[in-house]
1. Sort out for me the Cα centre separation of region B:64-138 from region B:26-42, rounded to whole Å.
2. If you count, for every residue in A:62-75, the Cβ atoms of partner chains within 10 Å of its Cβ, what is the mean?
3. To the nearest 20 debye, what is the magnitude of the charge dipole of region B:11-231 about its Cα centre, counting +1 on the Cβ of each Lys and Arg and -1 on the Cβ of each Asp and Glu?
4. Near the amide H of residue A:168, under 5 Å away, which other amide H atoms are found, from residues 5 or more places off or on another chain, if H is placed in the peptide plane?
5. Take each uninterrupted DSSP H stretch in chain A, measure its Cα extent along the helix axis, and return the ones at 24 Å or beyond whose mean Kyte-Doolittle hydropathy is at least 1.0.
6. Averaged across the residues of A:121-129, what count of C-beta atoms belonging to other chains lies within 10 Å of each residue's C-beta?
7. Expressed as cubic angstrom per residue, what is the convex hull volume of the alpha carbon set of the protein assembly as shown?
8. Amide H to amide H, which residues 5 or more places from residue A:213 or on other chains are under 5 Å from it, using H placed in the peptide plane?
There are 2 protein chains.
Amino acid sequence: MHLTKYGLPAVLSPVLTPFLASGIPDAKRLIKQCQWLDHNGVGQAIFGTNSEANSMAASQKLHLLDELIKGGINPKHLMPGTGACSIQETVEMTKAAVTLGCAGTLMLPPFYYKDVPDEGLFNFYASVIEQVADSRLKVYVYNIPPVSKVALSLTLLERLVKAFPSTIVGIKDSSGDWSYTESVISCLAPSNFQVYAGSETFLLKTLRSGGVGCISATANINPLAIAQLAKTWQDSNADEQQKALDVVRATFSQYPMIPAMKAAVAYFSQDSLWGHVLPPLVDLSREQTQSLIKGLHKINFAMTGL
Amino acid sequence: MHLTKYGLPAVLSPVLTPFLASGIPDAKRLIKQCQWLDHNGVGQAIFGTNSEANSMAASQKLHLLDELIKGGINPKHLMPGTGACSIQETVEMTKAAVTLGCAGTLMLPPFYYKDVPDEGLFNFYASVIEQVADSRLKVYVYNIPPVSKVALSLTLLERLVKAFPSTIVGIKDSSGDWSYTESVISCLAPSNFQVYAGSETFLLKTLRSGGVGCISATANINPLAIAQLAKTWQDSNADEQQKALDVVRATFSQYPMIPAMKAAVAYFSQDSLWGHVLPPLVDLSREQTQSLIKGLHKINFAMTGL
């Protein structure tokens, strides 16, 4: 596995969460999925947007994390999402991740209030870091304004890195705005700030500009090929590899992404329970699933070893 | 106190939450504040947007609610906010509110994912209602797209009322879009759906159109006058009363609303600890506070009996 300066894999998957029919997360199948991803070269950014993390209670996530570690998942390849709207919940989740040896935590800003000043976002992260009070803590801030509707400005990032240089060590940027990503890399990568693209669409561009990799939805279903590009991006066929990744994404992105990826896992693992999301998301319909599978066969896509 | 068909006051305040210097909510001062509001004619929609509810952990809110009831607050005048991003947390908080005898609960839709289909929002509310499984449950849905960035369509409301006619009994509409409010009233008020305006700015218009009252930020600082208009809206001086309410709001709305209201409570109660908000919000600066107080004196505004 290709690792970054801080020991985390260059490619991580915001791991899809399997639920029981009751809506309770299923640790057993999640462990299996994390093992499969690890075997296919990608780390596990559990409790991300694609994991439906915010559709689970804090207590459920704390329990799941415990079960994963007990089940043998390597915490050095884990970057759990720990950011919540409240400082207290963010601290609790982050402390658990650090104590269990997770190599990093991915931290959303508080996302209920909108148009808050940078000062307030800085105070939020600062309070969390001070209350976790653990030198092992490595925070990757999570910028995903299309969903959170709260953007992390470059000025805020600079201030955070300056105040907490050994703790605020990177970002997952899901802004989808390449000019922003590029400005973060050119401004902060020289001080070892690790920039992960939020989609493999930007993987090659990110690596060529000085970023370290990606944390991407499709790493759930196409891990090996994405990890391969992160490893061989200086090879002459890198552009073709990127194009092949884009073809897979284009097939999935015709549908709501999270339900579509779960439908694919359900299909290739022959485990229909995998196909379910929690409200407010909605499962793919039978027609959508059939159309997706047809599209995947058309591009010779398969998930093996699930 | 002027009560609606379901026994709740016509005016409720999304009660400001006092925090200790450590950031922990202070039950003792919150009880005092609820008593003051009740004495001034308004019910208590604790755990709302103005309460910084989402900046507190679920466990803190459960504890606070318990303390309020033990402290003698009348649950018949309480409409706690119980909506969270996860079904499980919403169910837990809602069950606690119902068990403690709260007359209603104010329920945000899940607010992390955006652009979700109505189907997903319907499934969320339906799952919560089915899991709470208590005929005493009265849900007021909370529409606040300027903050949550998730709007409750009229079609969704109609579907919810049809499916759960004795449970989905009303709405707090903070859309700020009068044409939407009006359409909800004209469509659903005939089936006894209780429409509360989300701001006292719309109080008179709402009552004249067939709504029942308001749940408004400024009910925290101007309760008596707002409650008075709700009671006497058919009197000849109603328009003047509304204008007087608007003058008070105009003074506060020159500043970030929540910190400004807390600064006013701190000033009039001579309890500086009241002036603090939790990140990501930011306290008013000293200059802002001085300017606010000056503005309040200019309009002869005071809070008495705090």
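Rule-based calculations on the coordinates, nothing more; no lab input. The structure displayed is predicted, hence computed values, not measured ones. Cβ coordinates were reconstructed from backbone atoms using ideal geometry, including for glycine residues, and neighbour counts include every protein chain displayed.
1. That distance is 21 Å.
2. That average works out to 0.
3. Working: 17 positive and 17 negative charges, 107 e Å.
So the magnitude is around 520 debye.
4. Residues meeting the criterion, in which the H sits 1.01 Å from N, are A:139.
5. Values: long enough: none.
Both cut-offs are met by no helix.
6. Details: counts 3, 3, 7, 5, 2, 1, 3, 1, 0.
Per residue, the average neighbour count from other chains is 3.
7. Working: hull volume 88.7 nm³, N = 612.
Per-residue hull volume (Cα only) is 145 Å³.
8. Result for residue A:213 returns A:197.
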